[in-house]
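Enquirer: What follows is a single structure, and I will ask about it in a moment.
The values are calculated or read from the model by the stated rules, or taken from the named source; none is laboratory data. What you see is a predicted model; the values in this text were computed from it and never measured. Heads up, the Cβs are rebuilt from the backbone with ideal geometry, glycines too, and the neighbour counts pull from every protein chain shown.
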Amino acid sequence: MTLFRGTVLDTPDDPFTGGALRAEADAGLLVRAGVIVERGSFAELRGRHAEEDVVDLTGGLVLPGFVDTHVHFPQVRAIGGLGMPLMDWLERCALPEEVRLADEHYARAVAGEFISGLAQAGTTTALVFGAHFAGAVDALFAEAARVGLRLTSGLVVSDRLLPEELLTTPQRAHDEGLALARRWHGVGRNRYAVTPRFSLSCGDALLDSCGSLQRDVPGAWFTSHINENAVEIATVAELFPGCHYLDTYDRHDLIGRRSVLAHNVHPTDEELQLLAHRGASVAHCPTSNAALGSGIFSLKRHLASGVRVALGSDVGAGTGFCLLKEGLQAYFLQQLLGGEGQQLAAAQLLHLATAAGAEALGLEEVGDLNVGKRFDAVWIRPRPGTTLDVGLRNAAGTEEALAKAFALGSPADIDSVWIDGEPLHTVSAGGGSSTPAPTHRPPAAAPVG
Ligand code: GUN
Ligand code: ZN
């Protein structure tokens, strides 16, 4: 067993419904086989477990691993294409890059960059938009398995209005998806997600084949885009007369508890009610919504309707993998909405970046650092002398320290990341120390006699 020591913050009780930040300045978490088996003050746990190895994480903040509920694997190299609305950005930045993933050698290189980008940002769990090519999605699952990330992903499918190379047919979409799911769904930490790109690029026959794939893969997730941009929404309305956007998926039985829809910047009340009724979740992607000028997400309307919301980076329209940045951008936009906005305290930002994501993905075993949960965690420990280091050392309390982490933190400040109690070795972004080895071994037993 290993005893982790540090300033531990998490949100086991939802701060949107009366819960508060749980913060312990010198906590101990005892981890056995990846699971937290005891927690309390470090002194108390050390007293009871004098023999266990200690991993000393004092001098920073220990948080649950981040959960990114919407991020695109083939878009790592497309990050930073600014100045365009959605449809232009897709045409000029994202789709030409996505075509390159037909080459499996190229796809393997991008898979390495993608998984490493998530890990460096402290993301331990992600719902990932895969690629349009089965070989590339296979490379993604293989890389996630090699590194150990918790990944839910699938083959992205479309059959119209995209470059020819990205198109498939309903039968092929079903067959390739099923083969990938048989190879990866439920294997290690991987799970399969049925992934039509968006209704604009998917006809009814293709969406129907997605519905049958979902039925053929028990426990599979569903993800797609919805209500992101005014031109996109108007085009979908023309393509599906008489339907609202959510209907285009719902009438193929794609919307339920295991569905996560990205953006939803411009929902109708009827759609919000149906999302809540079905138990589906929305991935809020604040840097993407701002970068593409898609609009300002109404968190208040979602919460009032009872729709589950978590954070997504939406790389590559989003501006990086860092969920601290997404949290800060969410905060900014709610501030700008004035009376229409949902005020967000640091505890709520942490919840959106961790427990809310775990709940959206149905992963009850992660999201906070309670006894019984798996030890998926990040250690934010900025280099000495950086502004975040100064801020953390001078914070009046743990909630203030957490707000500073959202205001100032970046992947450079993530020192180490663990999944199931095991350190991820791809994390070295910040020039911080390598993952700390157990530092306080019990003293060698005195020779007897
Ligand atoms: N809608 C369809 N495809 C995409 C995509 O790649 N990014 C975003 N932000 N929206 C989309
Ligand atoms: Zn997206």
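Enquirer: Hey, can you tell me all the residues within region 232-241 that are farther than 18 Å from ASP269 by Cβ, away from ligand 2 (no atom under 16 Å from the Cβ) and not polar (S, T, N, Q)?
Expert: Once the filter is applied, which keeps residues that are farther than 18 Å from ASP269 by Cβ, away from ligand 2 (no atom under 16 Å from the Cβ) and not polar (S, T, N, Q), region 232-241 yields ALA234, GLU238, LEU239, PHE240, PRO241.
Enquirer: Restricting to region 251-280, give me the number of residues that are surrounded by 19 or more Cβ atoms within 10 Å (Cβ to Cβ) and either among the aliphatic types (A, V, I, L, M) or under 19 Å from VAL217 (Cβ atoms) (or both).
Expert: So the count comes out to 13.
Enquirer: Identify the single condition in (1) surrounded by fewer than 23 Cβ atoms within 10 Å (Cβ to Cβ); (2) touching a residue at least 12 places away in the same chain (Cβ under 8 Å) that LEU213 does not satisfy, given that it satisfies every other one.
Expert: Single failed check for LEU213: (1).
Enquirer: What tally of residues in region 63-85 results from selecting those that are farther than 30 Å from ASP13 by Cα, buried (at least 22 other Cβ atoms within 10 Å of the Cβ) and among the hydrophobic types (A, V, I, L, M, F, W, C)?
Expert: Qualifying residue count, region 63-85: 2.
Enquirer: If you go through region 238-250, how many residues are surrounded by 15 or more Cβ atoms within 10 Å (Cβ to Cβ) and either within 13 Å of ligand 1 (Cβ to nearest atom) or not in a loop (DSSP other than H, G, I, E, B) (or both)? Let's see the steps before the verdict.
Expert: Quick first cut of region 238-250, residues surrounded by 15 or more Cβ atoms within 10 Å (Cβ to Cβ) only: 239-240, 243-250.
Remaining after also requiring either within 13 Å of ligand 1 (Cβ to nearest atom) or not in a loop (DSSP other than H, G, I, E, B) (or both): 239, 245-250.
Adding up the residues that qualify gives 7.
Enquirer: Can you find, within region 218-237, the residue that is farthest from ligand 1 (Cβ to nearest atom) among those that are in contact (Cβ under 8 Å) with a residue 40 or more places away in the chain and part of a loop (DSSP other than H, G, I, E, B)?
Expert: Result: ALA220.
Enquirer: Report yes if some residue within region 257-275 is charged (D, E, K, R), on the phi < 0 side of the Ramachandran plot, part of a loop (DSSP other than H, G, I, E, B) and away from ligand 1 (no atom under 14 Å from the Cβ); otherwise report no. Quick ask: steps written out before the conclusion?
Expert: Restricting attention to region 257-275, the residues satisfying the condition of being charged (D, E, K, R) are 257-258, 269-271.
Going one step further and asking which of them are on the phi < 0 side of the Ramachandran plot, we end up with 257-258, 269-271.
Then keep just the ones that are part of a loop (DSSP other than H, G, I, E, B); that gives 257-258.
Subsequent filtering for residues that are away from ligand 1 (no atom under 14 Å from the Cβ) retains 257-258.
Yes - at least one qualifying residue is present in region 257-275.
Enquirer: For region 167-186, state whether one or more residues are closer than 16 Å to HIS72 by Cβ and without any contact (Cβ under 8 Å) to a residue 60 or more places away in the chain.
Expert: Of all residues in region 167-186, those closer than 16 Å to HIS72 by Cβ come to none.
Within region 167-186, none of the residues are closer than 16 Å to HIS72 by Cβ and without any contact (Cβ under 8 Å) to a residue 60 or more places away in the chain.
Residues checked against (1) farther than 22 Å from THR354 by Cβ; (2) away from ligand 2 (no atom under 16 Å from the Cβ); (3) in contact (Cβ under 8 Å) with a residue 60 or more places away in the chain:
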site	(1), (2), (3)
HIS277	yes, yes, no
SER281	no, no, yes
THR287	no, no, no
LYS300	no, yes, no
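Enquirer: When region 184-212 is examined, which residues are found to be part of a helix (DSSP H, G or I) and touching a His at 6+ places or on another chain (Cβ under 7 Å)?
Expert: Result: LEU207, ASP208, SER209, CYS210, GLY211, SER212.
Enquirer: Please determine, by comparing only the residues of region 79-94 that are over 30 Å from ALA377 (Cβ atoms) and under 22 Å from the mean Cα position of the chain (by Cα), which one is farthest from ligand 1 (Cβ to nearest atom).
Expert: So in region 79-94, the residues over 30 Å from ALA377 (Cβ atoms) come out as 81-94.
Next, from what is left, pick out any that are under 22 Å from the mean Cα position of the chain (by Cα): 81, 86, 90, 94.
Values: GLY81: 11, LEU86: 6, LEU90: 6, ALA94: 5 Å.
Once the filter is applied, the top-ranked residue is GLY81.
Enquirer: (1) away from ligand 2 (no atom under 16 Å from the Cβ); (2) more than 14 Å from PHE141 (Cα to Cα): which one isn't true of ARG191, the others all being true?
Expert: Of everything listed in (1) away from ligand 2 (no atom under 16 Å from the Cβ); (2) more than 14 Å from PHE141 (Cα to Cα), ARG191 misses just condition (2).
Enquirer: Please go through region 207-217 and pick out each residue that is within 16 Å of ligand 1 (Cβ to nearest atom) and closer than 14 Å to GLY154 by Cβ. Give the steps one after another, and end with the answer.
Expert: Here is the first cut: in region 207-217, the ones within 16 Å of ligand 1 (Cβ to nearest atom) are 207, 210.
Correct list: CYS210 only.
Enquirer: Of the numbered conditions (1) in a loop (DSSP other than H, G, I, E, B); (2) crowded, with 23+ Cβ neighbours inside 10 Å, LEU392 satisfies every one except a single condition; which is it?
Expert: Among (1) in a loop (DSSP other than H, G, I, E, B); (2) crowded, with 23+ Cβ neighbours inside 10 Å, the lone unmet condition for LEU392 is (1).
Enquirer: A further question on this structure: Kindly indicate which of LEU149, LEU162 is under 30 Å from CYS243 (Cα atoms) and either buried (at least 24 other Cβ atoms within 10 Å of the Cβ) or at pLDDT 95 or above (or both). Don't jump to the end; show me each part of the working.
Expert: Working: LEU149 fails: under 30 Å from CYS243 (Cα atoms).
The unique qualifying residue is LEU162.
Enquirer: Which is out of contact with any strand residue (DSSP E or B) (no Cβ under 8 Å at 6 or more places or on another chain) and either more than 30 Å from ALA193 (Cβ to Cβ) or not in a strand (DSSP E or B) (or both), of ARG46, ARG92?
Expert: Details: ARG46 fails: out of contact with any strand residue (DSSP E or B) (no Cβ under 8 Å at 6 or more places or on another chain).
That would be ARG92, the only listed residue that is out of contact with any strand residue (DSSP E or B) (no Cβ under 8 Å at 6 or more places or on another chain) and either more than 30 Å from ALA193 (Cβ to Cβ) or not in a strand (DSSP E or B) (or both).
Enquirer: Sticking with this one: Return a yes/no flag: does region 329-346 have any residue that is under 30 Å from GLU113 (Cα atoms), among the polar types (S, T, N, Q) and touching a Pro at 6+ places or on another chain (Cβ under 7 Å).
Expert: yes
Enquirer: Can you go through THR168, THR223 and tell me which one is in contact with a strand residue (DSSP E or B) (Cβ under 8 Å, 6 or more places away or on another chain) and within 16 Å of ligand 2 (Cβ to nearest atom)? Can you show your working first?
Expert: Working: THR168 fails: within 16 Å of ligand 2 (Cβ to nearest atom).
Going through THR168, THR223 in turn, the sole match is THR223.
Enquirer: Right, next: Go through (1) within 16 Å of ligand 2 (Cβ to nearest atom); (2) within 24 Å of VAL137 (Cβ to Cβ) and name the single condition HIS252 misses.
Expert: (1)
Enquirer: Still on this structure, I have one more. Under 6 Å by Cβ, and 6 or more places apart or on different chains, what pairs join a residue from region 305-319 that is at pLDDT 95 or above with one that is near ligand 2 (Cβ under 9 Å from one of its atoms) and in a loop (DSSP other than H, G, I, E, B)?
Expert: The qualifying pairs are GLY312/CYS285; ASP314/CYS285; GLY318/CYS285.
Enquirer: To continue, here is another question. Touching a strand residue (DSSP E or B) at 6+ places or on another chain (Cβ under 6 Å) and part of a loop (DSSP other than H, G, I, E, B): which single residue out of VAL378, VAL315 fits that description? It would help to see each step written out before you state the result.
Expert: Numbers: VAL378 fails: part of a loop (DSSP other than H, G, I, E, B).
Selected residue: VAL315, the only one of VAL378, VAL315 that is touching a strand residue (DSSP E or B) at 6+ places or on another chain (Cβ under 6 Å) and part of a loop (DSSP other than H, G, I, E, B).
Enquirer: Something else: Does region 43-62 include one or more residues that are surrounded by 15 or more Cβ atoms within 10 Å (Cβ to Cβ), free of Cβ contacts under 8 Å to residues at least 60 places away in the same chain and of a type in the set (A, V, I, L, M)?
Expert: Taking every residue of region 43-62 in turn, at least one turns out to be surrounded by 15 or more Cβ atoms within 10 Å (Cβ to Cβ), free of Cβ contacts under 8 Å to residues at least 60 places away in the same chain and of a type in the set (A, V, I, L, M).
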